[in-house]
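I have placed the structure first, in the form of structure tokens, so that the comments after it can refer back to it.
The values are calculated or read from the model by the stated rules, or taken from the named source; none is laboratory data. Quick caveat, the model's predicted, so the values are computed rather than measured. When we count neighbours, we look across all protein chains shown, and the Cβ atoms used for this are built from the backbone with ideal geometry, even at glycine. For accessibility, only protein heavy atoms count, side chains too; no ligands or nucleic acids. Shrake-Rupley method; radii C 1.70, N 1.55, O 1.52, S 1.80 Å.
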Amino acid sequence: MPAAAPYLAGLNDAQRRAVEAVDGPVLVLAGAGTGKTRVLTARLAHILATRRAYPGEILAVTFTNKAAREMRERLEALIGPAAEGVWLGTFHALAVRILRRHAELVGLRSNFTILDPDDQLRLLKQVLAAADIDERRWPARGVLGLIERWKDRGLVPDKVPAGDAGDYASGRAIELYRRYQERLATVNAADFGDLLLHNLTLFTREPEILERYQQRFRYLLVDEYQDTNVAQYLWLRLLAQRHRNLCCVGDDDQSIYSWRGAQIENILKFESDFPGALVVRLEENYRSTPDILAAASGVIAHNSGRLGKTLWTRAADGGKVVVRGLWDAEQEARWVGEEIEALQRQGHALKEIAILVRAGFQTREFEERFIALALPYRVIGGPRFYERAEIRDALAYLRLIQQPADDLAFERIVNTPRRGIGNACLQQLHGAARSAQIPLVAAARDLVAGDTLPRAARNSLGNFLLALDRWRAEAEHLPHTDLVQLVLDESGYTGMLQADTAPDAPGRLENLKELVVAMADFENLAGFLEHIGLVMDNAADHGGDVVSLMTLHSAKGLEFDTVFLPGWEEGLFPSQRAMDEHGLGGLEEERRLAYVGLTRARHRAYVSFAANRRIHGQWQSAARARFVDELPDAHIDMTAEPGLGPAGGGWAASSPWGASWNAGNGGERMVHTPPRPPLLLAGTRPPARGQEVPRVGGFSVGDRVFHQKFGYGVIRQVEDNKLAVDFEHAGDKKVMDAFVERA
């Protein structure tokens, strides 16, 4: 092959080795910013240019449609129309292409329908009803979550281990999975999990068909291999067995999707799965400065479950990673806003600035601050805080309590959560309201008093109106922060989210708790709702030059000149839930998230943490994240706000932080991480230095405890030997102190 081939021009030695090593299994460990997309497209071009395969003999798999489009466009630019013949797409797109050709062999017709999530739920609800399962106790979404996890593992109903479902749905979850699959076949449909699952069934039952595709695909390329689940892994292994020309590109240090079924073990065991595999490490980074890369490498080096690589760059030195300790989250948001304004005055484009948070509820502080500064921003990967569905629902309840004639609010929540008030009832309501020219609430009272509605709908609507009247009466004397919690609990909204097993459900509950925190800054409900009206009015789109605000998970694959990483505190980041549920594996995935966050930055990275943070309505005296201590001293500037050093209180050795201080790096340096401190009383301000929470009967408010039945929780109230505990999954419960232990 001529050395002057255009697709080889500009490749470094490691990249060129990954491109030209086309025979046999190859694992390309592509660190952040090392040019993996260029390597993938150059490798495809090289295989075609050297006539090792025709376009139709190449299978190239990406994880997103966007990545597939980008790769195809690059390939077309290199080799022209021949790129059209390559089998290039996502796992699901390629699997459905195969399945359409052989659908009859798995009980479908070739024109089968692919169901979206709403249709899946609707179908599963039919299955639950036919099986006489109480959906109020066993929601369809929860059963669907189990089924999706089984499909991600490549398990058909007959292969699910008997004890895998526990007592969910009274021990009938596997039976429901079987009935759901039968129902799908009856209506000639498949869900997304079926596309790969049916491929696996096809390949294992029909060896001649598997052999046909094994023979066809002489070369396989896979992007983001660290994010594959079990079904995807099995599918690839089956197809690659004949020619063994499988090239997997990925980064074990960026595996952050275990909650979606991703198995980091797939990339870690590549060499044992394919003996004799060549491993090529792409370590030259073309994105970040040396200090940013050194900081990221210093953190990720503490993970044991990794294949290992060290990023480096030829780029000129940039500034060190700025690490800032602040008093609370409000001050953190103020500091970030001031830094952004300073950068803006220097000509820095706002669109090249990102704030990456661990949890969605953290965005609220920054959104409020940016609105106050008239600093344009956008939320990527989700709506703005006050535009989230659960926040809008909660606000609709509050608006209707404050203003009974608010028809838009009434429409939004009259059947949320579901109360059996269907479309026919709503149409009748609208007709009555228009006819009498009265608000919907007044029309509802008239219909409940009459006999034109069916009895069930009349009872449901009547109960809702009684609840509204009760909440309106409570609003006369109850603090507005207590009122919203009462409404969300009594309406069933909190219970609806607690029963929801979707991955985003815990985050939605956290957002509602953050709403309570936001309300505490206002004297009354009317003042808060007026503030929300102004916030929404200022939420107009400012065009292209805006600050990006998103979670760390949403930032994967993106890059910015400047990145802010707030909230690096134990329990928040790393997430306490992740560590409780997954132990060391959870901690290591959190550390990979930190690595991903740092490596999004090209020129400037800022890490911050607060001594106090109000989480879920409670002031928490916070310990800085262990990840802060893992940042190499030589590559960071760590400072604290004036007055928070040993002379001014705050984080002195005797403080809740338990930190010792040394002068250095232009400020006061904290060198020890203490145990996680207890939570404080809800609604109180942060403690003064040395202030302690009194203990009663061996337990105190804020203690984290464990209960054999209800799991982990935080004590909210202590009365003799009775504890009121807010459990993470079971909600508020009253228990005897003898039945809990400190977590």
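Report the residues of the stretch 190-217 in range of a label on Q126: point 7 Å along Cα→C-beta, backbone N strictly under 14 Å from it. Only 190-191 fall inside the zone, counting backbone N under 14 Å. Note on R577 and E476: the model spin-label points, each 7 Å out from Cα along the C-beta direction, lie 3.9 nm apart. The C-alpha radius of gyration of the stretch 239-285, expressed as a fraction of 2.2 N^0.38 Å, stands at 1.30.
Geometric descriptor of the stretch 263-350, per residue, is 168 Å³ (volume of the convex hull of the Cα atoms). Nearest 500 deg cm²/dmol is fine: what mean residue ellipticity at 222 nm does the chain get from its DSSP H runs of n ≥ 4 alone, each adding -39,500 (n - 2.57), divided by its residue count? Computed mean residue ellipticity for the chain: -13000 deg cm²/dmol. For a straight C-alpha distance cut-off of 22 angstrom, the lysines reachable from K151 (same-chain residues fewer than eight places away being disregarded) are K125, K159, K269. With R₀ set to 22 Å, the beta-carbon distance separating R314 from E559 gives a calculated FRET efficiency near 0.80. Binning all Cα-Cα separations of the stretch 139-212 at 10 Å, short to long from zero, yields these whole-percent fractions: 19, 49, 26, 6, 1. Based only on the alpha carbon positions, what is the Kirkwood hydrodynamic radius of the stretch 446-505, in angstrom? Result for the stretch 446-505 stands at 13.5 Å. In straight-distance terms, cross-link reach from K722 covers every one of the lysines whose alpha-carbon lies under 30 Å from its own, apart from those fewer than eight places away in the same chain; here that gives K513, K709, K733, K734.
A Cα-only calculation for the stretch 415-574 places Rg and Dmax at 21.0, 65 Å. Scanning residues 5 or more positions from M638 or on other chains, those with amide H under 5 Å from its amide H are V323, with H placed 1.01 Å from N in the peptide plane.
By the rule of a C-alpha distance below 16 Å, with chain neighbours fewer than 8 residues away ignored, the lysines paired with K36 are K66, K309, K556.
Surface composition of the stretch 241-318: carbon plus sulfur atoms hold 47% of the accessible area, using a 1.4 angstrom probe and ignoring ligands, DNA and RNA.
For a Förster distance of 25 Å, can you work out the FRET efficiency between the beta-carbons of E271 and N12, rounded to the nearest 0.05? Once the sixth-power term is evaluated, E becomes 0.60. Taken along the Cα-to-beta-carbon direction at a fixed 7 Å, the label points for N188 and E411 span 3.7 nm. Taking 0.36 nm per residue of separation and subtracting the current Cα-Cα distance, fully stretching the chain between A342 and Y286 would add 17.5 nm.
Taking all protein chains into account, the per residue accessible area for the chain stands at 43 Å² (1.4 Å probe). A viscosity of 1.567 mPa s and a temperature of 4 °C, combined with the Kirkwood radius over C-alpha pairs in the Stokes-Einstein formula, give the chain a diffusion coefficient of 45 µm²/s.
Across all directions, the average flat footprint of the convex hull enclosing the Cα atoms of the stretch 291-390 is 9.3 nm². Near A189, the amide H atoms lying under 5 Å from its own belong to T113; only residues 5 or more places off or on other chains count, and H is placed 1.01 Å from N. Report, for the chain, the % of DSSP beta bridges that are antiparallel, rounded to 5. Expressed as a percentage, antiparallel bridges in the chain total about 40.
On a per residue basis, the convex hull of the C-alpha atoms belonging to the stretch 282-325 measures out at 74 Å³.
Here the gap between K159 and D720, fully extended at 0.36 nm per residue and compared with their Cα-Cα distance, gives a gain of 196.9 nm. Put a dot 7 Å past the Cα of R434, heading toward its Cβ, do the same for V279, and the two dots end up 6.9 nm apart. Each part reduced to its alpha carbon centroid, the stretch 175-225 and the stretch 424-503 end up 46 Å apart. Between amide H atoms placed 1.01 Å from N, distances below 5 Å from L221 occur with L59, A60, V61, C247, all of them 5 or more places distant or on a separate chain.
Dimensions of the stretch 48-118 along the principal axes, based on C-alpha atoms and rounded to the nearest Å, stand at 41, 27, 16, largest first. Stretching the chain fully between T113 and N524 yields a gain of 142.8 nm (0.36 nm per residue, less the alpha carbon separation).
Grouping the Cα pair distances of the stretch 157-200 into 5 Å bins from zero gives a pair-distance distribution of 5, 20, 25, 24, 16, 8, 1 percent in increasing distance order. Rounded to the nearest angstrom and listed largest first, the equivalent-ellipsoid semi-axes of the stretch 215-327 from its Cα gyration tensor are 33, 17, 11.
Once the mean 1/r over all distinct Cα pairs of the stretch 169-230 is inverted, what Kirkwood radius in angstroms do you read off? For the stretch 169-230, the Kirkwood estimate is 14.4 Å. In whole angstrom, the stretch 67-180 maps to an equivalent ellipsoid with semi-axes of 37, 15, 14, each derived as √(5λ) from the alpha carbon gyration tensor and ordered largest first. Please compute, over every Cα-Cα pair in the stretch 550-629, the percentage with a separation greater than 22 angstrom. Of all Cα-Cα distances in the stretch 550-629, 26 percent exceed 22 Å.
Let me test this: with uniform point scatterers at the alpha carbons of the stretch 8-95, what is the Debye-based log₁₀ I(q)/I(0) at q = 0.14, 0.26 1/Å? So the normalised log intensities work out to -0.47, -1.57.
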